[in-house]
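One structure below.
Read the figures in this text as sums done on the coordinates, not as results from a lab. Since the structure is predicted, the reported quantities are computational estimates derived from the model, not experimental observations. All Cβ positions, glycine included, derive from the backbone under ideal geometry; neighbour counts span all protein chains shown.
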């Protein structure tokens, strides 16, 4: 039975195509989006030093009860689809998770090596916890147990090799009609972007669609390679359950 509205929670780690995928859904006329609902809560609860942390907490709020109520509530403008871009690292263990069954939970994955290379280019250093792979695998297993079904898992590499086929497959799984408008969008920032966009979204702001997939020559140091090796089993768990067109 389709959730009304269709509340899509796309759970991703950092340095993925999550913002571009949010753009795709926002370009539909029947969809509202919410950029990282739990980010302010995560920063306030952990005290972690992210760029613009104080501004994010002030602008986006940090009360988990209020945030969760909005996540499982009506879409902001009464739209039929309510797409939420979530980061798995923001879903701290202290939060109860019963509310997740009110969402159509999906997972966006990317291989550990490019995630770590991209992350450290912005923040210089990463830990396994920063990458979100462990949290993503744990949440995936919780969703499977809660729903009794394998939720949609999108691998970013496979997605970028054929965005239209993957979007069609995802829409079909979610019970939403595919809209060709999802394949391109106007360049520039959006009002829906989190205030952190100025630190992280430069490439998305320049984009007008999904960039073709290109292999990259990655250079990881010894420490980063160890983190990637630790993350690999969690990535592989989700990858073997990935959605295929």
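Numbers below:
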| read-out | value |
| --- | --- |
| Gain on full stretching of the segment that runs from residue 48 to residue 203 - 0.36 nm per residue minus C-alpha separation | 53.3 nm |
| Relative packing of 71-80, 5-14, which averages over residues the other C-beta atoms within 10 Å, highest first | 5-14, 71-80 |
| Exposure proxy order (Cβ contacts within 10 Å, fewest to most) of 191, 35, 30 | 191, 30, 35 |
| Relative contact order of the chain, pairs being alpha-carbon contacts under 8 Å that are 6 or more residues apart, as % | 28 percent |
| The chain: most fluctuating residue of 133, 178, 159 per GNM, C-alpha cutoff 10 Å | 178 |
| Extension reserve of the residue 129-residue 80 stretch, reckoned as 0.36 nm per residue once the Cα distance is removed | 14.2 nm |
| Choice from 15, 173, 23 with maximal GNM fluctuation in the chain (Cα, 10 Å cutoff) | 173 |
| Simple spin-label estimate for residue 242 and residue 178 in nanometres, 7 Å along Cα-Cβ | 1.8 nm |
| Label point at residue 30 placed 7 Å out along Cα→Cβ; residues across the range 163-207 whose backbone nitrogen lies under 14 Å | 171-182 |
| Read-out Cα extents along the principal axes in Å, derived from the coordinates shown; its label in (1) 49, 40, 39; (2) 54, 45, 35; (3) 57, 45, 30 | (1) |
| Computed [θ] at 222 nm, deg cm²/dmol, the chain (DSSP H ≥ 4; -39,500 (n - 2.57); rounded to nearest 500) | -12500 deg cm²/dmol |
| Efficiency of FRET from Cβ geometry, residue 4 and residue 92, R₀ 35 Å, rounded to 0.05 | 0.75 |
| Extended-chain gain in nm, criterion 0.36 nm per residue less alpha-carbon gap, residue 141 and residue 101 | 13.1 nm |
